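Bear in mind these aren't lab numbers, they're just calculated from the coordinates by the rules spelled out. Just so you know, these numbers come straight off a predicted model, no measurement behind them. Neighbour counts run over all protein chains shown; Cβ positions are idealised from the backbone, glycine included.
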Amino acid sequence: HNCKMHVVMSCALACALGSASAFAPSALGKLGVAPRTHLALTGSNARPNPRAVSDTKMDMGVVSTLAGVPLMYALMSVNEYITHRYYQHNEIGKVELYQTLRKMDKIPKLDGGGHVEHHAETYDDMQLKTDNKVWMNSKPAQRLNGDPWRGTIFTWQVTAMMFMQCIPSVYLLFFLLGWTPLATTMLFIPAMILHGLVWNTLHPHMHGLPDVPASVGLPSSVFAFARGSKVFEFLRLNHVGHHVASGAANYNVCCPGMDHLVGTFMTEKEWTPKIRHREAKEIAGAMPSSAM
């Protein structure tokens, strides 16, 4: 399973990069920025050697193309972190500008899509307290009762929202890197699909919920074979830590990285002592959806 998972994910990225690189600019010079180079001089006019200029442009194009995958991953990690921490955890509700605009009825309510309620009904062993009649009759639970996946999946609508959210940062930074819009799109779309597939394979399953069919969102069946692999087990444990820590750490789910940069990553050794038997933990300090 481990080898197969690595091969599939590597092939997916390689295919996306291969397709995109066919349309990626051969040099940053196309943006109007002259690449720095040691030019071979010929003749009395000391003109640049065309071949030297061409070789330099080719080298810069290779660097630009190869930089695309890590840049895309970094952007996915940042966007995932921001979405999870500030939207899903209702942190945006504490921002004065948001509060002012809501009072003026200028923007829609952003209440995390049921994520706060999801935390409140999740035990530290990742099972849900759907067997608790008191909880199931509570107002927070009522919000999730009509959803078979109880707010844990990326529906097609959520996937579309993620696409829209990422567009500004992705296209701006890839433009600065020298990529054409077409090349950027040919890497961006597969990356977003890969992220959604991993999420829908990992998240509902670890909470004991059914797989996602293609009629609802990106199907869990695509990567179901990878559950239990080293990659998925790392991601699963990382997310267990997020719940055990009352939502105060490990905001990245599918694209680890941003947590490490901003100091919110918690190791398994750190969160394991916090585990409590049959205890569901609400997000520490989260605003209730009714207050958003």
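So the values come out like this:
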read-out	value
Estimated vicinal HN-Hα couplings, Hz - segment 93-110 in sequence order (Karplus 6.51, -1.76, 1.60; Gly, Pro = x)	x, 8, 7, 4, 4, 4, 4, 5, 5, 5, 5, 7, 6, 9, 9, x, 5, 10
Under Karplus coefficients 6.51, -1.76 and 1.60, residue-wise ³J(HN,Hα) of segment 169-182 in Hz, glycine/proline x	5, 5, 6, 5, 5, 6, 4, 5, 7, x, 8, 7, x, 5
By average C-beta atoms within 10 angstrom, highest first, the peptides 222-233, 268-279, 197-208	197-208, 222-233, 268-279
For segment 62-74, 3J(HN,Hα) per residue [Karplus equation, 6.51 cos²θ - 1.76 cosθ + 1.60, θ = phi - 60°, Hz, x = Gly/Pro]	5, 4, 4, 5, 5, 6, x, 5, x, 5, 4, 4, 4
